[in-house]
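Below you'll find the structure, written out as structure tokens, and then a few comments.
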């Protein structure tokens, strides 16, 4: 359980053998505990070490030195967490790092929870909740686009934009309350026209941010994607190529894939939450039939359908039925005419009803760059500059901002129709509450814990 009065410590580099390991300690007793476990070679008191200065010395455990190391002190509030923080860079042995941590724990530190350093940074005001979320995405990034999305400039810009919207709304509410409480005194800072203009401006800015979610989600969380098609058209081979390893069994026998296989893989600038499904046919085997049923369910839920066809043979009746289904599919459909490394029998005219048709070869890799470019174009906005622009990237952010925007629109409409000001103010308060939740000012402990649960222990 989180407790700001405790001093926490954890290994911040990956566990295992390495050249250097970094151990981080933060909290009100961080420097005091460090003085019990570290002696500077200069013989100067550690408590007098200037902030952000690295010094050489020895880690002490049970009265004896166990390693020579570098220590750096960061005094509050000028540290990552906003608290007194100490970082020890020691040699990267597995047992050694465990022993250095044991020395800190014996001197009074406690084991940090997942994401607790960043959580403390947020609670001390060093980071907003959206910035903390971006740091979590940065740790989880599986593509360079994901890294750019959560870069320092982008996450700071998003936090600043949301703060500006929050403060603009707060100013409006204050002015509106002045109208309500003192209608005869003309104490409001803004006229009716100015209030309507400001509400329209806040709504437009919120809409612009909401429009970035499609790109942010595609880059950070991934697009639910299904590989579908008849047996033996090359779905599993393509799945393995996209995943970069042999995860699906590939044979010449129909029905090899009997269940849905799923992986999250980068493709171009986006992530695919990719599922390889059983070949669609009238299966007689009961196990294969279950797999086919699951495939159909996945296809109905997918936002992107990669429909694979074997270009070296004519369409089967089952494939014609699949094409009929794809015409009505809710998700975006990309037709992939596979096996271009073989003589082609199937004409692209068979897919004349579909906008996106690509010839590919899962065996040689032909056409995969074009597939990457197409999906990136379909699911991202080329006007957005990742790493620079403010981008909404999580479902939580999108939901909270949508609630704020809807409440502001209701208030604007009420105000424009001449309804009593207290009706508009009630909606504006709901919008402000949504903004406060979005930025982390009033968010529940349950939501905060869920966000930081994804972090590693040392961050």
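The values are calculated or read from the model by the stated rules, or taken from the named source; none is laboratory data. All values derive from a computational prediction rather than experimental measurement. Note: ideal-geometry Cβ built from the backbone for every residue, glycine included; neighbour counts use all protein chains shown.
Report yes if residue 92 is at pLDDT below 95, surrounded by fewer than 20 Cβ atoms within 10 Å (Cβ to Cβ) and closer than 15 Å to residue 18 by Cβ, otherwise no. When the stated conditions are applied, residue 92 passes them.
Considering (1) in a loop (DSSP other than H, G, I, E, B); (2) crowded, with 20+ Cβ neighbours inside 10 Å, the lone condition that residue 33 does not fulfil carries the number (1). Determine, yes or no, whether residue 414 is assigned by TED's automatic domain parsing to the domain that holds residue 266 and either under 23 Å from residue 271 (Cβ atoms) or outside any loop (DSSP other than H, G, I, E, B) (or both). In short, no.
Are any of the residues in segment 51-63 exposed (fewer than 11 other Cβ atoms within 10 Å of the Cβ) and closer than 15 Å to residue 105 by Cα? Yes, segment 51-63 has at least one match. Screening the candidates 40, 46 for the property of being buried (at least 19 other Cβ atoms within 10 Å of the Cβ), over 24 Å from residue 459 (Cα atoms) and over 31 Å from the mean Cα position of the chain (by Cα) yields one hit, 46. Taken as a whole, the structure places residue 99 among residues that are more than 19 Å from the chain's Cα centre (by Cα), over 24 Å from residue 269 (Cα atoms) and at pLDDT 90 or above. The set of residues in segment 417-452 being surrounded by fewer than 20 Cβ atoms within 10 Å (Cβ to Cβ), part of a loop (DSSP other than H, G, I, E, B) and in contact with a helix residue (DSSP H, G or I) (Cβ under 9 Å, 6 or more places away or on another chain) consists of 419, 420, 441, 442, 443, 444. The combined condition, being within 30 Å of residue 435 (Cβ to Cβ) and in contact with a helix residue (DSSP H, G or I) (Cβ under 9 Å, 6 or more places away or on another chain), is fulfilled by residue 127. If you go through segment 204-231 and keep only what is closer than 16 Å to residue 261 by Cβ and not in a strand (DSSP E or B), you end up with 222, 231.
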